[in-house]
Amino acid sequence: MTTGQDEHGGRGTPDSRGTTLPAADEAHDVVTIGETLAAFVGPPAEPLRPGGAATFRLAGAESNVAIAASRLGHRVAYFSRVGDDDIGRLILATLRGEGVDVRGVQLDPEAATSLLVRQHRTSDLVTVSYYRRGGAGSRLRPEDVDADVVERSRLLHVTGITPALSDTACAAVQHAVSVASAAGVTVSLDINHRSRLWSRETAGRTLRPLLPSVDVLFGDDDELGIVQSGETPESRAEELHRSGVGQVVLKRGSLGASAWEAGERADQPAVEVSMVDPVGAGDAFVAGYLSALLDGATVEERLQRAVVCGAFAVSVHGDWEGTPRRDELGLLGLAEQVRR
Ligand code: KDG
């Protein structure tokens, strides 16, 4: 069982980038692959304007999960590409500071680190623009994935964002999934549909072939419909589970979550908190669920840890800044989560 004692625990040795590596006999708990971006986020109810405020942050669904899982005490490796530029180096330093093993992150001299701009066009309408076509993350390729690291890990987590970036990034994700699946490593997929990157049809055509290799599938009410037809989100989840996905987890934000496993359904209400920023909550939720799965917890406990992590994330600004350390899990009222 994984414990929350360390950030690569002092048992490893520093590499040339100053990263503390797990010792040779220590595999990673979680491996993930994706693109980390610079994010410029406008203030509430204030469209962007020259000379106006915008907060500089770092974003990216898979690195959000990597940070959240690392804070929960798991050994996490991340494969990615960032530009050999100031933001790329800041991403590396930030992830390293969060205890994520970044040996698999390439500093790419041929492309810039990608960017997203998020603004409150009105108080209720948030718009996102991506500046990532041709960016470093889109240059991810299968050779960037160290098969040995994947094979020796306990769990591979991928999302539907990275395959949308380019053919080579898609191939990198497919390669990671097939290596993990062949090695018996648990594969987790969060559909994470981004309509600005690709259509539902293209997403479905790309993600459905991965499903036979997927052990844990995450999606919201809308996203499950990308990979499975059916009248309701529940019927889609049930059908996905019946057709072989071992765990199907339906994310419902403030309405909580449900999971289907071993022919049974489990439900969990959300934790009530003051929401200031919903972005990244799904990634924190995923990290909480996977963390408890790695701990050998029951499906109810996994969902509990998931909603607690989601609640931490939504009640703090930023995509990952609010995610809890393991010793903080009890702060939002589910004290038993701390003991595992
Ligand atoms: O899940 C949060 C992500 O949406 C955010 O961090 C940025 O990866 C991102 C994306 O593609 O939108």
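The values are calculated or read from the model by the stated rules, or taken from the named source; none is laboratory data. Since the model is a prediction, treat every value here as computed from it, not as a measurement. Here Cβ is always computed from backbone atoms with ideal geometry, including for glycine, and neighbour counts include all displayed protein chains. Side chains are part of the model used for accessible areas, which takes the heavy atoms of the whole protein and leaves out ligands, DNA and RNA. Shrake-Rupley method; radii C 1.70, N 1.55, O 1.52, S 1.80 Å.
Restricting the first member to segment 318-329 and to residues that are closer than 26 Å to Phe40 by Cα and in contact (Cβ under 8 Å) with a residue 12 or more places away in the chain, and the second to residues that are of a type in the set (Ser, Thr, Tyr) and open to solvent by less than 50 Å² (accessible area, probe 1.4 Å), the beta-carbon pairs closer than 8 Å and six or more apart or on different chains are Trp320/Ser63; Gly322/Ser315.
Considering segment 203-254, the residues that are in a loop (DSSP other than H, G, I, E, B) and open to solvent by less than 20 Å² (accessible area, probe 1.4 Å) include one that is nearest to Val299 (Cα to Cα), namely Val245. Restricting to segment 115-141, what's the tally of residues that are open to solvent by less than 30 Å² (accessible area, probe 1.4 Å) and away from the ligand (no atom under 16 Å from the Cβ)? Of the residues in that region, 0 qualify. Out of curiosity, is Ala262 more than 15 Å from the ligand (Cβ to nearest atom), among the small types (Gly, Ala, Ser), at positive phi and without any contact (Cβ under 8 Å) to a residue 60 or more places away in the chain? Yes, satisfied.
Here is the figure for segment 27-84: residues that are open to solvent by 10 Å² or more (accessible area, probe 1.4 Å) and either of a type in the set (D, E, K, R) or away from the ligand (no atom under 16 Å from the Cβ) (or both) total 18.
Pick from Arg194, Arg152: which is modelled with pLDDT of 95 or more, within 16 Å of the ligand (Cβ to nearest atom) and surrounded by fewer than 24 Cβ atoms within 10 Å (Cβ to Cβ)? Talk me through it step by step, then tell me what you get.
On the way: Arg152 fails: within 16 Å of the ligand (Cβ to nearest atom).
Just a single option satisfies the conditions, and that option is Arg194.
Scanning segment 93-109 for residues that are open to solvent by less than 10 Å² (accessible area, probe 1.4 Å) and closer than 13 Å to Leu58 by Cα yields one hit, Leu95. Taking the criterion of being open to solvent by 30 Å² or more (accessible area, probe 1.4 Å), acidic (Asp, Glu) and part of a loop (DSSP other than H, G, I, E, B), the only residue of segment 255-277 that qualifies is Glu272. Look at (1) within 16 Å of the ligand (Cβ to nearest atom); (2) open to solvent by less than 60 Å² (accessible area, probe 1.4 Å); (3) on the phi < 0 side of the Ramachandran plot and you find that Gly280 fails only one, number (3).
Could you tell me how many of the residues in segment 161-191 are among the hydrophobic types (A, V, I, L, M, F, W, C), part of a loop (DSSP other than H, G, I, E, B) and open to solvent by 30 Å² or more (accessible area, probe 1.4 Å)? Spell out the reasoning first.
Of segment 161-191, the ones among the hydrophobic types (A, V, I, L, M, F, W, C) are 161, 164-165, 169-173, 176-177, 179-180, 182-183, 185, 187, 189, 191.
Next, from what is left, pick out any that are part of a loop (DSSP other than H, G, I, E, B): 161, 165, 183, 185, 191.
When the remaining residues are screened for being open to solvent by 30 Å² or more (accessible area, probe 1.4 Å), the result is 183.
Number of matching residues: 1.
Pairs meeting the criteria (first residue in segment 138-152 and within 9 Å of Ala169 (Cβ to Cβ), second residue open to solvent by 80 Å² or more (accessible area, probe 1.4 Å) and part of a loop (DSSP other than H, G, I, E, B), beta carbons under 8 Å, at least 6 apart or on different chains) are Arg139/Glu110. Inspection of segment 108-126 identifies at least one residue that is modelled with pLDDT under 95 and of a type in the set (Asp, Glu). Filtering Gly60, Gly88 for residues that are in contact with a strand residue (DSSP E or B) (Cβ under 8 Å, 6 or more places away or on another chain) and at positive phi leaves a single hit, Gly60.
May I ask you to say which residue of Ser114, Ser138 is closer than 25 Å to Phe218 by Cα and of a type in the set (S, T, N, Q)?
When all the criteria are applied, what remains is Ser138.
For segment 104-160, a residue qualifies if it is aliphatic (A, V, I, L, M), assigned to a strand (DSSP E or B), closer than 30 Å to Ala53 by Cβ and more than 19 Å from the chain's Cα centre (by Cα), and the qualifying residues are Val117, Val126. Quick one: what pairs do we get from segment 51-78, first residue farther than 22 Å from Arg326 by Cα, second in a loop (DSSP other than H, G, I, E, B) and more than 16 Å from the ligand (Cβ to nearest atom), C-beta under 6 Å, 6+ apart or different chains? The qualifying pairs are Ala53/Pro43. Is it fair to say Ala297 is under 14 Å from Leu72 (Cβ atoms) and either among the basic types (Lys, Arg) or under 16 Å from the mean Cα position of the chain (by Cα) (or both)? So Ala297 fails the test.
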